[in-house]
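A.B. asks: Submitted below is the structure of interest, expressed as structure tokens.
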Amino acid sequence: MRVNAGSISTKQKEGKKIQNTLETVLRNRKMTYDELAKQCGMTYNGIAKIAKQQNRSIQYASVEKITKTLNITANDLLGYFYSLPEPQIEITD
């Protein structure tokens with residue numbers, strides 16, 4: 001049996017966007033939105049919206065508060081991710 005998956009084309013790479021990893025960081029630290037909000041002086045709703053990627057933008061002050069509280073860099077919090085379509089997989093015998 002052989003599995004072939006198509007490679008990423010240049011056109012697909014155009015779908016990159018900046019996303020944050022706050023949800024993952026908090027999960028790994030077993031920390032809640034409420035705990036982070038209290039520690040960095042933000043609201044629960046503000047943290048939740050950022051973690052769930054519901055904001056179109058994030059203020060620099062918010063990034064600074066979160067990164068200082070979690071002792072991470074802005075690069076750790078934000079990054080480019082590619083929006084890829086479902087891979088085309090062909091299975092042959």
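The values are calculated or read from the model by the stated rules, or taken from the named source; none is laboratory data. In this text the structure is predicted, and so the values were computed from the model without any measurement. FYI the Cβ positions are ideal-geometry reconstructions off the backbone, even for glycines, and counts take in every protein chain you see. Side chains are part of the model used for accessible areas, which takes the heavy atoms of the whole protein and leaves out ligands, DNA and RNA. Shrake-Rupley method; radii C 1.70, N 1.55, O 1.52, S 1.80 Å.
A.B. asks: Working only within region 24-50, note down all residues that are within 16 Å of residue 72 (Cα to Cα), assigned to a helix (DSSP H, G or I) and not hydrophobic (A, V, I, L, M, F, W, C).
C.D. replies: 24, 27, 28, 39 - these are the residues of region 24-50 that are within 16 Å of residue 72 (Cα to Cα), assigned to a helix (DSSP H, G or I) and not hydrophobic (A, V, I, L, M, F, W, C).
A.B. asks: What residue, among those in region 56-93 that are assigned to a loop (DSSP other than H, G, I, E, B), farther than 15 Å from residue 19 by Cα and at pLDDT 90 or above, is least open to solvent (accessible area, probe 1.4 Å)? Lay out the reasoning, then the answer.
C.D. replies: Narrowing region 56-93 to residues assigned to a loop (DSSP other than H, G, I, E, B): 56-59, 71-73, 83-88, 93.
If we keep only those that are farther than 15 Å from residue 19 by Cα as well, we get 71-72, 85-88, 93.
Add one more test, that the residue is at pLDDT 90 or above, and what stays is 71-72.
Values: 71: 136, 72: 30 Å².
This residue is 72.
A.B. asks: Taking residue 53, is it outside any loop (DSSP other than H, G, I, E, B), modelled with pLDDT under 90 and either surrounded by 10 or more Cβ atoms within 10 Å (Cβ to Cβ) or in contact with a helix residue (DSSP H, G or I) (Cβ under 7 Å, 6 or more places away or on another chain) (or both)? Before the answer, list the steps.
C.D. replies: Working: outside any loop (DSSP other than H, G, I, E, B): no; modelled with pLDDT under 90: yes; either surrounded by 10 or more Cβ atoms within 10 Å (Cβ to Cβ) or in contact with a helix residue (DSSP H, G or I) (Cβ under 7 Å, 6 or more places away or on another chain) (or both): yes.
The answer is no for residue 53.
A.B. asks: Within region 43-60, how many residues are free of Cβ contacts under 8 Å to residues at least 12 places away in the same chain and small (Gly, Ala, Ser)?
C.D. replies: In the first step, residues of region 43-60 are kept if they are free of Cβ contacts under 8 Å to residues at least 12 places away in the same chain; the result is 43-45, 49, 54-57, 59-60.
Checking which are small (Gly, Ala, Ser) leaves us with 57.
Qualifying residue count for the region: 1.
A.B. asks: Looking at (1) in a helix (DSSP H, G or I); (2) open to solvent by less than 60 Å² (accessible area, probe 1.4 Å); (3) modelled with pLDDT of 70 or more, which one does residue 12 not meet, given that it meets all the others?
C.D. replies: Condition not satisfied by residue 12: (3).
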